């Protein structure tokens, strides 16, 4: 049975929490505390604070070296929600799937099941207590560091066609390998690039999967798959065949 959403850390605008149905030990959400909050430079900076603190905590406690981000854009997961986390509420949220050696359940294995057949992992009382403590400490350190001059470079996002119809790939230019390397302005650029993705022709919204680089020669990638309530086939079922996505989820 789904459990109550467990809050691990709350910042000024965003929060890190276990979803109601955590699919793995490394499944978390970064969700907006107030759905009316606009996405501005301050909101983007607070999202990065929550995300980066979560990544640091997952690395320290679970020894995670990889994290995949999934979220819907103008789309609400329907029915069995194959390939994506089931919708929990209308509040904007991003699902984080941490990966590490020795994990007992993979995100891809759970997401391949219909939503009604997925079983919540856990309970994680001791694990989440450890993560909560590290999140608080890490976020405080990052807030202190944020008062110093920013050295990261802003990026823009370039859109290209993917391997199938209605599949778009957004990549940062100049390239970066991880989400934590992005700046608030870079996140605003990404939001603007998502807004420009085409709709119509049986596309009403997008399911998005952001994968980190496998090597220094590759870039962070955001895969956006066009979705509609009347689609003939769920495009997420074939996305996992792509090397970067397979490595991130399976």
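The values are calculated or read from the model by the stated rules, or taken from the named source; none is laboratory data. Just so it is clear, the model here is predicted, and its values are computed rather than measured. Cβ placement follows ideal geometry from the backbone for every residue including glycine, while neighbour counts extend to all protein chains displayed.
Each residue in the stretch 33-65 was checked for being surrounded by fewer than 19 Cβ atoms within 10 Å (Cβ to Cβ) and not in a helix (DSSP H, G or I), and 10 of them qualify. Residues considered: 137, 168, 161, 142. Of these, the only one that is modelled with pLDDT under 95 and in contact with a helix residue (DSSP H, G or I) (Cβ under 7 Å, 6 or more places away or on another chain) is 142.
For the stretch 9-26, how many residues are in contact (Cβ under 8 Å) with a residue 24 or more places away in the chain, within 25 Å of residue 109 (Cα to Cα) and in contact with a strand residue (DSSP E or B) (Cβ under 6 Å, 6 or more places away or on another chain)? If you could, list the steps in order and put the result at the bottom.
Pass one, the stretch 9-26, residues in contact (Cβ under 8 Å) with a residue 24 or more places away in the chain: 9, 11-16, 18-26.
After this cut, where a residue has to be within 25 Å of residue 109 (Cα to Cα) as well, the list is 16, 18-26.
Going one step further and asking which of them are in contact with a strand residue (DSSP E or B) (Cβ under 6 Å, 6 or more places away or on another chain), we end up with 16, 18-19, 26.
Qualifying residue count, the stretch 9-26: 4.
Restricting 85, 38 to residues that are free of Cβ contacts under 8 Å to residues at least 12 places away in the same chain and over 18 Å from residue 139 (Cα atoms) narrows the list to 38. Taken together, the residues in the stretch 88-118 that are surrounded by fewer than 19 Cβ atoms within 10 Å (Cβ to Cβ), within 16 Å of the chain's Cα centre (by Cα) and closer than 21 Å to residue 232 by Cα amount to 0.
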